[in-house]
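One structure below.
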Amino acid sequence: ISQADVWDWLCVLRLEQYSEAFRNAGLATLRQCHNLTPDHLECMGITLPGHQRRILASLNKTHGNRDTQSDIHSHPLREKPVPKERTKFRPLAPVDSPPGPRVSPTYDTSLPPVPPRSTPNCPPQRFTSALSPSPPGQTPGSPKLDRHDVKAESQSFTPTSTPTHTATQTRPQTLAIQPSAQHRVVDGGSKSSPVSPGAALSDDRNAPPLPPKVGGGPKGPPPIPQRFPAHSPTDIYSKGIISTAFITNVTGVGELKFEVATNNRTFIFRAESEAERNNWVTVLQDCTRGRHRHSTVGPGSPVTPDYQGYLELKGLRSKLYTVVASDKVFLYKNIDDYRIGVGITSIEMNVGNVKDSDRRNFDLTTPYRIFSFIAESEQLREQWVDVMRNAIGEALSNSEVADRIWAEPSNSFCADCGAPKPEWASINLCVVLCKRCAGEHRGLGPSISKVRSLKMDRKVWTEELIQVFLLLGNERVNSFWAANVPPSEALTPSSCSDERRRFITNKYRQGKYRKYHPLYGNQKELNNALCINVQCSDVLETLSLIFCGADVNCITDMASWPSPLSLASAHSQPLQAELINFQEMTPNLVWAMQAIHYSAPTCVSHNGFLFKTASMARAVNERKAREEFSRRWCTLNDGTFSYYESDKNSNPNGTLKASEIVCLTVDVTEKHGYDNTFELYSESERLYLFGTDDPDSHKEWVKSIAKSFIPASAEPLLRLSFERIGRLKCKDGLNLQMSKVGWFALVGSTLHAYLEDGQGEEIHLRKLNELSIQQDNEVLVLVERGRTLYIEGERKLDFAGWCAAIQTAAGSGGDTLSQQQLTETDIPVIVHICIGYITQCGLTSEGIYRKSGVNSRVAALCERFRRDARSLRLREGEHQVDDVSNVLKRFFRELEEGLFTSEDSSTWLSTAAIQDESMKISQYQLLFNRLPLVNKATLQALINHLYCVQRFSELNQMNLHNLAIVFGPTLFQTDGKDFTAGRAIEDLIQHYTLIFEVEEQQLKKQLEEITVIIQVREKLNTNTEPGGHFICTVYLEEKKNTAEQHVKIPGAMTAAELTCEVLDRRNIPVQDKEYWSCWEVSNKEEMERPLHYQERVLPILHSFGTDSHLLIKKHLEMETMIVYLTSKVDPSKHGMMKFREERSILGLGLTSGSFHDRYFILNSSSLRMYKEVRVRPTNINRPERDWPVITLKVYLGIKKKLRPPTCWGLTVVYESKKQERPEKQQWYLCCDTQSEMREWFATFLSIQDGLQQTRVSRVLPDTRHGNVSLIPLRGSENEMRNSVAAFSQDPLAVSEHTNHWD
């Protein structure tokens, strides 16, 4: 054997490409290669780990058989026994054929059998054993016999010191198996096994766990093959293996025989000599001796299976139980054999390759044969392919680098998610990563993260790079990369791919969580610091400098060392040089994400997976959960959008032609269960909702679908980031008889339109003079400067969506001036309306702008202006002058960025200190011209108004100085402790005509008009005090004589005002977290309800009977209700309640006097009652009753005489106004718990107040008032009203601490 030629040996191993390397190293025979090591192979140029392992394994086998061969040569007269006739299979020669010719004397029996590759696409071969080396051929007289090796497997196997007992040095000779009578009795009644009775005993330590299972063996006596070297190419894979984890006893029995016993079966083997039998017994006993019998996975199991399940193997027409563990694949006939430890074969994956085939098929190709598997589904096929490819990677990997990197404790956990044993790293970012995070790093591109394997990319890992990772470690590196990670954004090992992608992009591409270097932003200083730092050993500081902007290719101004890399090398800093070396080819990372403008695809064809709900005939008002979506394969081609059950189906579930699509709506992020959704509206009044979690895929679909139905004449609309796009009919101009088709796109507050035979135009919705819906919700009227556009509702479904979207876009969109509803002259509508009202009604009001209004009325006006300032009309008598003046002041004080902008505000204040008047005016003019357009128009309008106010100071007592005191701190948003802000406002008013370049003639005309207005008002002597006062009795906390208050109720008094007046009369201090409300109490019906803070009191009093009264008391459940409403995402509610009604009123046929279970659904428009539980009611499941919410009044409490099943009930009153005579009906609802009743009641109130339409922060109507249908009071208001500060600034703005609960 040792004299075999290296060329022949390498040809057998299929590594003949290395023959030149062996010849150059002076190695011609196997004896000379005996002492080769991995380092020697590296020096010879053999660097692939798999090739090294194959060469060394063959040499180890050669060396391990030497002792056995020496024993054979030491007994030259011994002849091998002639196999008996009954052990032969398909004999090819006479039985008395001499044994000598069976093996060629020149054959190297230690070499592994490497048959030629199987022909592709051929049926799989029968499993045969081939674990012993095969000779090149056999004599014609040699019988072809099945054989079974006995391999050793154990968790705790340790070779003994005796060479003949060591598995790596002694290899027992072949055995024959002979069944004993005892064996036949034990196994006689058991089922057939896929392994022949001489099943191989695996010495593979990576065998998967095989839990013990009590069971029988095969039926009948098995055949007993004699072991001879095989010659078949497929014999590399055994016919059977037995895990030694299940061997309980190994003993010698009889002549040349030994018995291997497991919990389930007993195997009898026969050796060819007594010495061989003893060797086998000793080796097997050593394998099983000292083994841990109880494992966490299974007895004797050294590793955990990576994957397991059934696969069909082509050719066998049966499924095999397949287990992938570490770098091997094990095949079993079924799961029962897996549990008893009897397998068919194991496949070494270091020579394997996995290839995908059609649908459920895939091939595992080895040099010896092709295994063609069929999985149970395509999804399982993908999982099998992935896990087998991982096994190949594991087989070809080298864990030396990984073990060294993991020596640093923090490197044994992923730097991003914390997963244990990460096997990948970003060599330029210096972080060690798990496989899933490494995949997301690859998505960043090599210019940002260079990902390498710790186990397979051996050449990359130089000694210096390994030392860099050991020196830094994930913990130290994350002190830079992850210095500011919010807990809510941190990853865990179980985080999904989307979360990982978002986090890793933020962390490395944008640098969102990094620790900024003190020199960040100063390029020159960063470069200098880098040049200095590379001369020392602080590698982490170098990393921080580089990724905060230092240029690794900067010039050092030193001729000898022109770059930081040369500086590091010159100062003997190899680790610094290694770090810089990997950064030199990496461009500077752009931390701020650049805006990526999408360009529409040239071809309107697209396909991919989307998630779809069932089509609907109504708008989607409620949130759709992920469970309501189904995964569908969608295609867009030839003007048709189709969706299929899967990408393998040929018949679509549904189609939608592009010509049928009339509207496409892009939903806000996370509106439904999937982050990104869009809606399609069809001509047939159907709505289709699609979703995906991938924003890029979502954007592609939206643009592709839009291009498919938008005509070329309106193609510029596709370049917009629209929220809604589609086709509408409209009329405009002088021809209102004929409608024409227009294509519209809504972008923010701008409506882009392309009408027939017309150019594109923009309609600024916040600048509209009027926006209304007329003719029974069928025409949307947009009135702008010099033009009126009528948009017609051709289809109700998409038109309702357009109306709601346009009305929302036309409202105020934020707290800056540019986001307000504007007039034609770019003045906010709220400012224009307030100034106009005060000019008409308040210029003669004494102390205008100094006196405070009523807090509740001011807050209510502010809220109405925020909702839709254009629709609000201020009327004398209904709205007080002081309330309106306080609204104007509050608007400017709460304005984001301020009227003078935060950037130039200090410059305006400093200008007021200039002594030279002409220079001061010039500076004011310069600052005025620098303001944004809306700020300029607003400032000029306000100063013009204040100039007119001070011109009539003899009537209103507000001279120049007084106005400056009030508006200085308000407009500059200061605390008013000094007069700097007031001096600036005083200058602007005093020099109004010069600074704003106003014509004297125009100003004179304006003052004359105001004078006429004042004179007319004096003649008419308008009484602004409304009449019709009503005096009623109101009780405080309880109905008794000592608690009653007689209050004059004007027609305009609200519940909030009544509550304030009663509490002020009794001087009751209100503590924090106390909520006071005005309640309507009915003694007869034993029910009560809190009034809405804006609800007029007088109509309530007129509708009262003698058994009702008003009560002011605390609302003890208010805080809990606010918390509940805050936590709700969906404003609707559904659930079971017990229901009772008066049969004579509702006629539902229920038995009078009893409660019945009913399922209720409460949404923004109606309360629906179902006879049975309906989780998602459809059109088919129509409700038993349906009531509009707006017509309902909900009271707490139920009459006791009705005998309610629980004490937590609600009384619902329905007022019908459609009949000739109004009718009042009521019924009763009972809840099981108090918290359930509270939740229903809170939901009713929030929906009736319209809160479900604006789930955003709102300003409360008062510092003490809530904004559901309650009147909570908190804090004291009297002290603020009486303070001196109330004359210099808006008391509401100072004292208000809003409670943003919705």
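If R0 equals 25 Å, the separation of the Cβ atoms of H1046 and R1096 corresponds to a calculated FRET efficiency of about 0.85. In the context of the full protein assembly, M1087 retains an accessible surface of approximately 20 Å², using a probe radius of 1.4 Å and ignoring ligands and nucleic acids.
Working note: Karplus 6.51/-1.76/1.60 with θ = phi - 60° gives region 819-835 the couplings 8, 8, 5, 10, 8, 4, 9, 6, 9, x, 4, 4, 5, 4, 5, 5, 5 Hz, where Gly and Pro are set to x.
Counting protein heavy atoms only, region 639-768 has 43 percent of its accessible area on carbon and sulfur, 1.4 angstrom probe. Sorting 424-431, 491-498 by their mean Cβ neighbour count within 10 Å, with the most densely packed peptide first, gives 424-431, 491-498.
Could you compute the net charge surrounding T665? Neighbours are other residues with a C-beta less than 9 Å from the C-beta of T665; K and R count +1, D and E count -1.
Charge balance near T665 sits at -3.
With a Förster radius of 41 Å, plug the Cβ-Cβ distance of H991 and K729 into 1/(1 + (r/R0)^6) and report the FRET value to the nearest 0.05. That gives a FRET efficiency of 0.15. Peptides 677-690, 1116-1129 ranked from most to least packed give 677-690, 1116-1129, packing being the mean of other C-beta atoms within 10 angstrom over each peptide's residues. With a cut-off of 13 Å between beta carbons, the residues surrounding T640 carry a summed charge of -1, where Lys and Arg count +1 and Asp and Glu -1. Sketch the reach of a paramagnetic label on S1132 as a point 7 Å from Cα along Cα-to-Cβ, and name the residues of region 787-810 whose backbone nitrogen lies under 17 Å away. Under cut-off, by backbone N: 801. Other residues whose C-beta falls under 14 angstrom from the C-beta of H517 contribute a net charge of -1, scoring Lys and Arg +1 and Asp and Glu -1. Think of a 1.4 Å ball rolled over the protein heavy atoms: region 619-683 then has 47 Å² of accessible area per residue.
Using 0.36 nm per residue and subtracting the Cα-Cα separation, the extra length available between T251 and S377 on full extension is 40.7 nm.
What share of Cα pairs, in percent, lie more than 18 angstrom apart in region 1048-1150?
64
Taking label points 7 Å from Cα along the Cα-to-Cβ direction, D356 and Q1002 give a separation of 7.1 nm. Counting only protein heavy atoms, what percent of the accessible surface of region 911-1015 is carbon or sulfur at a 1.4 Å probe? The computed percentage sits at 48.
Test of understanding: extend the Cα→C-beta vector of R1066 to 7 Å, then name every residue of region 1088-1109 with backbone N under 16 Å from that spot. Residues 1109 fall inside that zone.
Summary of packing: across the peptides 259-265, 349-355, the per-residue average of other C-beta atoms within 10 Å ranks them, highest first, as 259-265, 349-355.
What FRET efficiency would be calculated for the residue pair N263, Q1234, taking the C-beta separation as r and a Förster radius of 60 Å, to the nearest 0.05?
E(calc), rounded to 0.05, equals 0.45.
Expressed as a whole percentage, what fraction of the accessible surface of region 424-522 belongs to carbon and sulfur atoms when a 1.4 Å probe is rolled over the protein heavy atoms? Roughly 52 percent of what the probe reaches on region 424-522 is carbon or sulfur. Here the label points at S1164 and R631, each 7 Å from Cα along the C-beta direction, are separated by 3.2 nm in the simple model. In the context of the full set of protein chains, residues of region 774-895 present 39 Å² of accessible surface per residue (probe radius 1.4 Å, heavy atoms only). Taking 30 Å as the limit for the C-alpha separation, the pairs K421/K515; K851/K1048; K657/K1171; K920/K977; K459/K699 exceed it in the case of K657/K1171; K459/K699.
The values are calculated or read from the model by the stated rules, or taken from the named source; none is laboratory data. Only a predicted model underlies this, so the values are computations on that prediction, with no experimental measurement involved. Glycine also receives a Cβ, built like all others from the backbone with ideal geometry; neighbour counts cover every protein chain displayed. To get the accessible areas, we keep the full protein, side chains included, count just its heavy atoms, and leave off ligands, DNA and RNA. Shrake-Rupley method; radii C 1.70, N 1.55, O 1.52, S 1.80 Å.
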